[in-house]
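Report on the following structure.
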Amino acid sequence: MTEVSTRSVRDAAVAAHLRRTTTLDVPAEFETWSVADLADWLHDTEDDPQVSDEDFYQARKAVEMLGVEDV
């Protein structure tokens, strides 16, 4: 029997949803990044004038679901 981490499945779903619902460039293996890397990516996304408010909101929600708090 193969064990699958439900966290990794959920995290992959979060990243897939972000890719489907925004125009953001969501890097490969985004859902496996460290908390610090996710926070850095989110701050870079926030500073990008090309990113819409809605896309940033979706990115923030996704990063929070991946375990980054207080961003």
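The values are calculated or read from the model by the stated rules, or taken from the named source; none is laboratory data. This structure is a prediction, so every number in the text was calculated from the model and none was measured. Counting neighbours? That spans all protein chains shown, and the Cβs are built from the backbone with ideal geometry, glycine included. When the accessible area is computed, the model is the full protein with side chains, heavy atoms only, and any ligands, DNA or RNA have been set aside. Shrake-Rupley method; radii C 1.70, N 1.55, O 1.52, S 1.80 Å.
Where the only charges are on Cβ atoms (+1 Lys, Arg; -1 Asp, Glu), what is the dipole of the chain about its Cα centre, to the nearest 20 debye?
With only Lys, Arg, Asp and Glu charged at Cβ, the dipole is about 460 debye.
The length gained on full extension between ASP44 and ARG60, counted as 0.36 nm times the residue separation minus their Cα-Cα distance, comes to 4.6 nm.
For an R0 of 30 angstrom, estimate the FRET efficiency from the Cβ-Cβ distance between ASP53 and SER8 and round to the nearest 0.05. Computed FRET efficiency for ASP53 and SER8: 0.50.
Rounded to the nearest percent, how much of the accessible area of the chain (1.4 Å probe, protein heavy atoms only) is carbon and sulfur?
50
The computed Rg and Dmax of the Cα atoms in Å for the structure shown corresponds, within [x] 12.4, 48; [y] 10.7, 32; [z] 11.9, 37, to [x].
Using only DSSP helix segments of four residues or longer, with each worth -39500 (n - 2.57), what per-residue ellipticity at 222 nm results for the chain after dividing by its residue count and rounding to 500?
-19000 deg cm²/dmol
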